[in-house]
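Written out below as structure tokens is the structure these notes cover.
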Amino acid sequence: MSESELLRRLAEAAARHAPFDGWSEKAFAAAAQECGLSGAEARLAAPRGALDLAAAFHRAADAEMLRRLGGADLMRLKFRERVAWAVRLRLEIVARDREAVRRAAALYALPTHAAEGAKLVWETCDAIWTALGDASRDYNWHTKRLTLMGVYGATLLVWLNDESEDQAETWAFLDRRIEEVMRIEKLKAAARRNPAARLLLTGPRLALSFLKAPDGRGAPPAGSWPGA
């Protein structure tokens, strides 16, 4: 069994214990036992213990989201609808493990693990933009992902506490957040067309022009958040 496959199995096992024990050493030990491994053997795949298993659990859901997005016909949707659908899909994938997700959110709320949590949400938002065909290579590459992080993070918090039928409150909240982003993007586009505003924005835009998408990524198909 490969190390990645072992990590996946451990993460799945830990997710079954996390609702009761959190993403803790107790959950890690239970996952190792469930997979027939000693603690030392399990740490070969997850040196940081439960923290690595929580991250693997998160990334496995990202991978499943990408698999489903790859097989979906998204061209029939407006771009804002594609973004909303991708975020909704990502949350629905972990719907049966909502308590494990809640405990992961609590883990990443700790100051010692906040950077890890932000990194994972960034990865999710990067995966969404890339799958939807974001072609930006300048500072927009960064701002789109940061904006979606805010939308995704806020929607996640609502989803974790949503008891409405079929999580209707969550999806309505998500639609409102994306509509707000679209409104801001339209204002930005209008400002770029205004000569006076363009002059005021020359300095900030020059500074931002030094921000580029990371090298080594193939240029995806055309498409972007409208107005960005």
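The values are calculated or read from the model by the stated rules, or taken from the named source; none is laboratory data. Remember, it's a predicted structure, so these values are computed and weren't measured experimentally. Neighbour counts run over all protein chains shown; Cβ positions are idealised from the backbone, glycine included. Heavy atoms of the whole protein, side chains included, go into the accessibility calculation; ligands, DNA and RNA do not. Shrake-Rupley method; radii C 1.70, N 1.55, O 1.52, S 1.80 Å.
Below is a table of values for the structure above.
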read-out: Of all accessible heavy-atom area on the range 84-128, the percent that carbon and sulfur account for (1.4 Å); value: 60 percent
read-out: 5 angstrom amide H check on Arg48, placed H, neighbours 5+ away; value: none
read-out: Sum of side-chain charges, Leu110 neighbourhood, beta-carbon under 15 Å (Lys, Arg +1; Asp, Glu -1); value: +2
read-out: For the range 1-105, the Rg and Dmax computed from alpha carbons only, in angstrom; value: 15.7, 50
read-out: Arg16 paired with Arg48, simple spin-label distance in nm, labels 7 Å along Cα-to-beta-carbon; value: 2.5 nm
read-out: Virtual spin-label span in nm between Ser4 and Lys78, 7 Å along Cα→Cβ; value: 3.8 nm
read-out: Net charge dipole size for the range 66-123 [Lys, Arg +1 and Asp, Glu -1 on Cβ; Debye, nearest 20]; value: 240 debye
read-out: Average Cα contact separation per residue, the range 1-77, under 8 Å, 6 or more apart, as relative contact order %; value: 34 percent
read-out: Note, ³J(HN,Hα) from phi for the range 177-182, Karplus 6.51, -1.76, 1.60, rounded to Hz, x at Gly and Pro; value: 5, 5, 4, 5, 4, 4
read-out: Net lengthening on full extension, Glu64/Arg183 (0.36 nm per residue, minus Cα-Cα); value: 39.8 nm
read-out: The range 74-119: Rg to Rh, with Rh as the Kirkwood radius over Cα pairs; value: 1.15
read-out: Gained length - Ala114 relative to Gln33, 0.36 nm times residue gap less alpha-carbon distance; value: 26.3 nm
read-out: Distance between modelled label sites at Asn161 and Arg176, nm, 7 Å Cα→Cβ extension; value: 1.4 nm
read-out: Accessible surface, per residue, of the range 16-163 when the full set of protein chains is kept, probe 1.4 Å, Å²; value: 47 Å²
read-out: Mean-position separation - Cα centroids, the range 111-184 and the range 21-68, in angstrom; value: 24 Å
read-out: Average projected area [Cα convex hull, the range 52-188], square nanometres; value: 8.8 nm²
read-out: In sequence order, calculated HN-Hα J values of the range 45-51 (Karplus, 6.51, -1.76, 1.60; Hz; x Gly/Pro); value: 8, 9, x, 8, x, 4, 4
read-out: Charge dipole magnitude, Cβ of K and R +1, D and E -1 - the range 1-88, Cα centre, debye nearest 20; value: 560 debye
